[in-house]
Structure formats: structure tokens, C-alpha cells
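Working notes, beginning with the structure itself.
The values are calculated or read from the model by the stated rules, or taken from the named source; none is laboratory data. These numbers were taken from a predicted model, which means no experiment stands behind them. No Cβ is skipped: glycine too gets one built from the backbone with ideal geometry, and neighbour counts run over all protein chains shown.
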Amino acid sequence: MDREKIIAKVQEIFKDILDEEEIELKDNTTANDVDNWDSLTHILLVVAIEKAFKIKFTSKEILSWKNVGEMIDSIQAK
Amino acid sequence: MLTFKELKRNLKQDTINLPTIKVALLGDTATQFLAIALKGIAIDKGYNLNLFEADFNQVERLTMDPTSDLFQFNPDYTIIFQSTHKFLDKFGSTKPESRKNIAEERLSFVEMASQKVVGKIICYNYPEIDDTIFGNLANQIEESFIYQIRKLNYGLMQLAQKHQDLYICDLSSIQNKIGRDVMFNASIYTSTEMILSIDSLPIIASRTIDLICASKGNIKKCLILDLDNTLWGGIIGDDGIENIQLGHGLGIGKAFTEFQRWIKKLKERGIILAICSKNTESLAREPFEKHPEMILRLDDIAVFVANWDNKADNIRYIQSVLNIGFDSMVYLDDNPFERNMVRENISGILVPELPPDPADYLEFLYNLNLFETISYSSGDKDRTQQYQLEAQRVFTQKKFTNEADFLQSLGMISIVEGFTKFNTPRVAQLSQRSNQFNLRTIRYTEGDINKLSKDPDYHCFSFTLEDKFGDNGLICIIIMQNKDHNNLFIDTWLMSCRVLKRGMENFTLNTIVEYAKTKGYKKIIGEYLPTVKNLMVADHYPTLGFEPLNENRWVLDVDKYKKRDCYINDI
């Protein structure tokens, strides 16, 4: 799957889980840029992304992402 | 079952009109998501949870220190959730020779907590982790983790039998049902300390709130069943008794046999069974009378309705015979059209969306945990018979033109007693189940009843009722509180609706006034606290000759009281 499609799909998941319509994800987007994206909702996002892409992140990955770009890298690498 | 996301959304609802319950959640892992799920399920069931979330891993300190925040919060329910993971960790850090005592240690903590904590305790039991250190041999090695965890779970059951305010929420059974790999997500646990997977939270929260609902009297009492393709395979009217699928010979008959077995066990536990089927009555009854593989027989069924009227009307009729609320009924039918019809026309009744394959019925229903209860007494299994007797009484009454003659013909006898260790389970149960004839709807557990029976400021009465048709058992409770040496306050007056219109109200009032007189009291004060279900007794006190005191209260002058007519004899 190409990167843009992945970002678009992840963006939909963010909107759904965070209950926010106005989310636009870019590679350099961080938790500080998005309302309601805190350590708790992060877990919900992780679980939802795992389900949507039928993948499993390692515990190291979950803790390591600094921005959306790195998260997308992890998805792409699966 | 709602998803976690939907539960989280529930929290945005306005809960101002919902009754509030104070719950403390004490865990040794991160419980933020569990807290959200608990609140979300509670809203779904009509309660607002005022939740005290303890700081991480403070279980022991909070429960042992009477000055802690927990005691200040004064919860109605305290959930103790100590995880198997932390227990495994503790096990590992214990010296090998001491490991065989580790279950006992934890049990003595829970026992101490149940003595100290006020209100009810809901203790989560321990889903098993097999660390495979001993392989299968763990089953015979006391120092193995599996041995200790099973001992712990068994010990918790024994503790709960002993401590009346301790209830176990069975996480271990949930894990057995959904599987450890669904219940636990290792990567999430490692990165967050959260032990329960997002997908398992709704079912765990739901099982927890089930307990709270049951202790609030919110329980299912009656199971109404369709016949064709629900209780047996095929259509009795078309296929005939010899061709319906039932038992181990024909087609998928085994599924229906096992399903009936389950229903029979519910009946034996005290759930009332009724039949509601579109059928010719004689044909519908035939398998119950003659089919060798039928598990359910006519005497298991309290009300049998088979005709060609619509099902909603028939269920209304069943309700009128049983005199219980629609919200305490469950209706099972294989036909989606009928299910929708009943759901849309009868508010409150629960109609599960049965899976299309009858082979899946049982596992599907196990998931729903429909018949939660916090009490059980051995008399429960006779409940069906009592409803059948009631049907006979109704039939006999038609032969009398005069009500007094009818009541006299019944030869009614009542045993009046205080609360004893023999009747305490039934008294507590009645206090939790009665909704309609219940003046103040105060719920008492066995523990509460025990305390009341020993408190010199409380005067407690229980009443049974027996007549020529049979014994109704213990059907009425009165608890009176001493306000001062002149005044008695009726804290609780409730009665089973099985014995309405027999003059039991007159008999009980005669009894308590007589008692008040001998103790030198001058006035008896009664109060009516309205709920959505107890309108039936709104005029209870004025009807019995009490004078109005203020909006909800009435008073009776003991010395001016004239004994009321009744046809019940005391023994």
C-alpha cells in the first residue's frame, strides 16, 4: 500500500477514535498538534490501526514514535 | 454488546436524571479504561456511577487504613481488581519454599478487606496464566503457579460464601469464554501497564455492573419461549410429533435437547418459564405430554399460551397472570420478525437476537449472562409450582360470587416470625426482588438483614402464607424502626405480588398493631416513596385507615385501632 493511502486511512481512524472532524495528518504531526491525542487515546489509536491494517506493533514501536511519519513507517514496514 | 468506543461516547450523555451509585475502583494495574467502560455500561443500564479511582497500586493501603480517601468516599461498592500478572510477579519474587502459601496470603488480605471496607465488595477473581514451569505436573505441585492460582480462585468462592457483602466477579470465566489471547494484549500491557484488552473491557465492565444491577433489584425473573425451531427443530403443526427434531436421533435434535436442559436448570433455579407460540394449543402441548426426548414438561411451565393471536398481546396476557414487570422478562424466538414485533410493542422486555443456527444458541446466551442474581434460596425451585397454584386459585375464585366466601374457603394460615438464620436468605431476596408492593423500596442484603435482626431499635417480621392449594412460603416482610418510646416507623413493608387480594395487608396490620400495643407504642408512622413501579401501593396507608401526616407520610393511632377483617389464621 502506498504511503498516501496509508496516511489517508490512518487519518480516518484518528477522526473516528478522537471524535474530531478537523484532523489533517502529516509526517511531522505530533501529539501536541492534535486535540485529545494523549497517552490514553494513543492506545485506542494503536489498537484501531492494528485492527484496520491487520498488523501488530511491537511494544517498542508503540513507545518510540515521535510523529505520525514514524508511525506510518512502522505500518509500511509490516 | 456495545464496543468500548460506544461506551466512551455514553459518557457524553446527560446523567443528571439517573440514580447515582458510589463505586470505588481499586486496582494494581492501570484502570483508566476500565473506569470508562464501567461508567459507560452503567449509563446504558440507567445508573450514573460516581467513581472513585484509586491511585495506582494502593489497594492494600486504602483498604487497611480507616483514615484513607476510600473510607472518606464511603462507597456503596468497592471493586478490588488485583491482576494475575502482579500476582505472578509476587509469586516469582517469593522464595520457592514459601510459594505454596501465597494463595493463603492473598486470601487473608481479601478476608481482612471484607471486614474493614464499608458497603459491598466486588472482588475480581484471577484469570489463569500457565507459566509452564512444571508443565502438566503443575497440577500436582503445590509450589506451582497454576496450583496456587486455582487454590486462590477456589478460596475466593469459599470466602464469598462466608462474607455476605463480598461478591466475586468471575474474570476467570470470562477469560475461559473469550480466550486469553483476546483478553490480554502483551504489547499494550508492556507499554502502558494496562492488563485488559480494549475488546475485553465491555464484557468485563458489563459483568461487573450486572452484579450491581442485581443488588439493586434489577433482575430477570421470567423466560418466555417460542416453540417451533426454538425448543425443537421443525414445525409441530406440519411435521407432527414423530418428525420434530429433538434428542439424539434426528437431525440437529441434540442442540435442542441441550438447550432445553439449560432452560430446565433455570427453572430449577427459580426462573419462571412461560410458552408463547403461534400454534394450535392441543398440538403445541403434545410434545410436552408425549415426546420421550422432551426435557421440559408441562409442569415446568407456569403459563402456556398457544394460539393464533399476535405475540405482543399474548405476552401482555402472560404478564397479567404473573404480575411481574416487563423489564424482568426475556423472550426467546428464532423468528426475527416476531422478535422485532415483540421488541417494538412491549417496552422493557429483553429479546436477544438469537443466532440463526440453533447449535449456537447456548454459547450465545452464555455470553449475555441474562440471569444474574445476588441471592439464591432453596425454595426458589418451587416458584413455578406456586404460579401454577395461583392459576388454580383464579379458576376456583370464579365459582364464588362473594369474595369473603372464597377467601374463607381457602383456609389460609400464616406463620409470623422475626428474622432467623433460616429465613434470612429469603428475606434478603424478597427485599431485592419486590418492586410493586413495596412502600419504600429499600434493598437489604443478607448481611444487612442479619444486622437488623440483632439491632434492638428494629422490630422485624416475616410472614408466610399457606392455603388448601399449597404453600406460598415467605411472602411478606415488615421492618419497624423505634423512633422514640411512643413512635414506630415502618421502614419496610413489602409483599410478594403472588398473594395480592387475600387480605394479607389486613392480617399484617393487625399483627403489627397488636405488637405495638404490647410494647406500649402509641403511633405507627408509614411512608410511601414512589418509584416507577410501586404505584399499586400509593394509597396503601390511607386505605388501611392511616391519617395523613405530610406529603408522603401517614400515621395510625394504636389505641383507636379496630381490628380489620381477615380470613387468615396465625399459628
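Quick look at the numbers
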{"quantity": "The range B:250-297: number of residues that are outside any helix (DSSP H, G or I), of a type in the set (S, T, N, Q) and under 30 Å from B:GLY379 (Cβ atoms)", "calculated": "1"}
{"quantity": "Hits in the range B:157-209 (condition: within 14 Å of chain A (Cβ to nearest Cβ), in a helix (DSSP H, G or I) and of a type outside the set (A, V, I, L, M))", "calculated": "B:ASP181, B:SER187, B:TYR189, B:THR190, B:SER191, B:THR192, B:ASP199, B:SER200, B:PRO202"}
{"quantity": "Residue in the range B:216-228 that is over 28 Å from the mean Cα position of the chain (by Cα) and more than 13 Å from every other protein chain (Cβ to nearest Cβ) present", "calculated": "yes"}
{"quantity": "Selection from the range B:473-493 of residues that are within 18 Å of B:SER377 (Cα to Cα) and modelled with pLDDT of 95 or more", "calculated": "B:CYS476, B:ILE477"}
{"quantity": "Pick from the range B:1-35, criterion away from every other protein chain (no Cβ under 12 Å) and of a type in the set (Gly, Ala, Ser), ranking: nearest to A:ALA48 (Cα to Cα)", "calculated": "B:GLY27"}
{"quantity": "Some residue of the range B:36-50 being at pLDDT 90 or above, away from chain A (no Cβ under 14 Å), on the phi > 0 side of the Ramachandran plot and surrounded by fewer than 21 Cβ atoms within 10 Å (Cβ to Cβ)", "calculated": "yes"}
{"quantity": "Index of the failed condition, B:ALA274 passing every other in (1) touching a residue at least 40 places away in the same chain (Cβ under 8 Å); (2) of a type in the set (A, V, I, L, M, F, W, C); (3) surrounded by fewer than 20 Cβ atoms within 10 Å (Cβ to Cβ)", "calculated": "(3)"}
{"quantity": "Test for A:ALA31: is it under 11 Å from the mean Cα position of the chain (by Cα) and either exposed (fewer than 13 other Cβ atoms within 10 Å of the Cβ) or of a type in the set (A, V, I, L, M) (or both)", "calculated": "yes"}
{"quantity": "Residue selected from the range B:317-337 under the condition polar (S, T, N, Q) and in a loop (DSSP other than H, G, I, E, B), by the criterion nearest to B:PHE256 (Cα to Cα)", "calculated": "B:ASN335"}
{"quantity": "Any helices (runs of 4 or more DSSP H) falling wholly within chain A and containing at least 3 residues that are of a type in the set (Val, Ile, Thr), more than 24 Å from B:GLU6 (Cα to Cα) and in contact (Cβ under 8 Å) with a residue 40 or more places away in the chain", "calculated": "A:68-77"}
{"quantity": "The lone exception for A:ASN67 - which of (1) under 10 Å from the mean Cα position of the chain (by Cα); (2) farther than 27 Å from B:ILE195 by Cα it fails", "calculated": "(2)"}
{"quantity": "Residue within the range A:40-52 that is more than 14 Å from every other protein chain (Cβ to nearest Cβ) and not charged (D, E, K, R) present", "calculated": "no"}
{"quantity": "B:SER462 in contact with an Asp or Glu (Cβ under 9 Å, 6 or more places away or on another chain), closer than 29 Å to B:LYS162 by Cα and either of a type in the set (S, T, N, Q) or assigned to a loop (DSSP other than H, G, I, E, B) (or both)", "calculated": "yes"}
{"quantity": "Test: residue in the range B:237-250 that is outside the structural domain of B:MET341 (by TED's automatic domain parsing), free of Cβ contacts under 8 Å to residues at least 24 places away in the same chain and not charged (D, E, K, R)", "calculated": "no"}
{"quantity": "The range B:437-455 residues that are farther than 15 Å from B:SER496 by Cα, paired with ones that are of a type in the set (Asp, Glu) and at pLDDT below 95 (beta carbon under 8 Å, 6 or more apart)", "calculated": "B:THR445/B:ASP165; B:GLY447/B:ASP165"}
{"quantity": "Selection from the range B:137-146 of residues that are in a helix (DSSP H, G or I) and either among the aliphatic types (A, V, I, L, M) or free of Cβ contacts under 8 Å to residues at least 12 places away in the same chain (or both)", "calculated": "B:LEU137, B:ALA138, B:ASN139, B:GLN140, B:ILE146"}
{"quantity": "The range B:194-212: number of residues that are farther than 22 Å from B:LEU166 by Cα and out of contact with any helix residue (DSSP H, G or I) (no Cβ under 9 Å at 6 or more places or on another chain)", "calculated": "0"}
{"quantity": "Residue list for the range B:246-267, filter: in contact with a helix residue (DSSP H, G or I) (Cβ under 7 Å, 6 or more places away or on another chain), charged (D, E, K, R) and closer than 19 Å to B:MET329 by Cβ", "calculated": "B:LYS264, B:LYS267"}
{"quantity": "Which listed residue, of B:GLY249, B:GLY217, B:GLY253, is over 30 Å from B:ASP76 (Cα atoms) and modelled with pLDDT under 90", "calculated": "B:GLY249"}
{"quantity": "Subset of the range A:11-22 [in contact with an Asp or Glu (Cβ under 9 Å, 6 or more places away or on another chain), more than 14 Å from every other protein chain (Cβ to nearest Cβ) and modelled with pLDDT under 90]", "calculated": "A:GLU22"}
{"quantity": "Residue in the range B:519-533 that is assigned to a loop (DSSP other than H, G, I, E, B) and on the phi > 0 side of the Ramachandran plot present", "calculated": "yes"}
{"quantity": "Unmet requirement for A:LYS56, which otherwise passes all of (1) more than 18 Å from B:LEU201 (Cβ to Cβ); (2) at the interface with another protein chain (Cβ under 9 Å from one of its Cβ atoms); (3) under 12 Å from the mean Cα position of the chain (by Cα)", "calculated": "(3)"}
{"quantity": "Helices (runs of 4 or more DSSP H) contained entirely in the range B:1-96, each with at least 3 residues that are in contact with a helix residue (DSSP H, G or I) (Cβ under 7 Å, 6 or more places away or on another chain)", "calculated": "B:4-10, B:32-44, B:59-64, B:84-93"}
{"quantity": "Some residue of the range B:30-38 being under 24 Å from B:ASP165 (Cβ atoms) and without any contact (Cβ under 8 Å) to a residue 12 or more places away in the chain", "calculated": "no"}
